[in-house]
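Please read the structure below before turning to the comments.
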Amino acid sequence: MGEPLFTVFTPTYNRAHTIGRVYNSLCVQTLQDFEWLVVDDGSTDHTSELIVGWIKLAFFPIRYFKQEHLGKHFAHNLALRKARGFFFASIDSDDALVPNALERVASVWETIPAELRPSFSGAGGLSCNQYGEVLGDRFPSDPFDASLRERKYVYRLRGEKWGPTLTEIARQFPFPEIRGTQFVPEGVVGFEMAKRYKSRSVNEVFRVYYVDDAETGATLTKRKSLSDNARGRLYYYVWLFNNDFEYFCYSPTPFLKAAVMLPIVSWFTGQSFRTAFVSLEKRSARVLLLLALPFALLFYCLDKIKALCRLAKH
């Protein structure tokens, strides 16, 4: 069959009730040169039966892999090893693509002059919610060429964005395979990639991101407690301070949040504050962590009280 232009990757865990959104949106894509690669993170519902049925019906190839319940970051790395497409496009199992998403991304990529493409990792655009409302800021120009670091720290663009990455580049930046957590923030990969590559973005909606969904009750990434996926978040906050703290003056908010959260997630993993403190390489980052410590203690105690209240209700 040859290599497809896109590998559309969907990680899933017990989302049989929502993964049909992805499938239905792929069935109506105006560009049909793609494969759908589903990595099941140990689901116990009827996800596998759904996928087997769709494999028989779909006009596009569907490849299904099931792993033990290790987390989205493990699923992502497995998908990168299995992907055949030129572009690697990740779409969660409770979201959808607009009908011309893949066609338009391919077209946007072609607008990048050939001699400049080695410095680009991919192309993308905006996301909207299920009501058609654009989520977050639009790009300051159209097209807009910038790295993720520039977008987040210099231009301070907020909200959900979406875009595929060249598979050969994505393979150079796998997630750290940390056990004991189901999630490692995507910034670990995105900001690392941004040290070498930028992407081209346009002010067009490519993805439908379901928020406060009445059918599921919440999005996949909504947390019930500050302890949720503490190991993955601890890794991310330490990485952020050790790699991107130079951008503090441009955009202090992400680092102030990290300074409060880092001690909290370290306590939830069983680490001492000293261990978290010495993991920071920059003296200025350590000072910020000390200044934020009283707030971290406050939020940690409040989260513990909320957890006790939830137990009392049950």
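The values are calculated or read from the model by the stated rules, or taken from the named source; none is laboratory data. Note that the structure is predicted; figures quoted are calculated from it, not measured. Counting neighbours? That spans all protein chains shown, and the Cβs are built from the backbone with ideal geometry, glycine included.
Before moving on, here are some points about what is shown:
- Test: residue in the stretch 261-275 that is among the small types (Gly, Ala, Ser), out of contact with any Phe, Trp or Tyr (no Cβ under 7 Å at 6 or more places or on another chain), outside the structural domain of Arg156 (by TED's automatic domain parsing) and crowded, with 21+ Cβ neighbours inside 10 Å: no
- Scan of the stretch 14-30 for residues that are of a type outside the set (Lys, Arg), closer than 19 Å to Gly53 by Cβ and touching a residue at least 40 places away in the same chain (Cβ under 8 Å), ordered by number: His17, Thr18, Ile19, Val22, Asn24, Ser25, Leu26, Val28
- The set of residues in the stretch 126-166 being within 17 Å of Val188 (Cα to Cα) and part of a helix (DSSP H, G or I) consists of Leu148, Arg149, Glu150, Arg151, Lys152, Tyr153.
- Entirely in the stretch 1-95, the helices (runs of 4 or more DSSP H) that have 3 or more residues that are closer than 18 Å to Leu166 by Cα: 72-82
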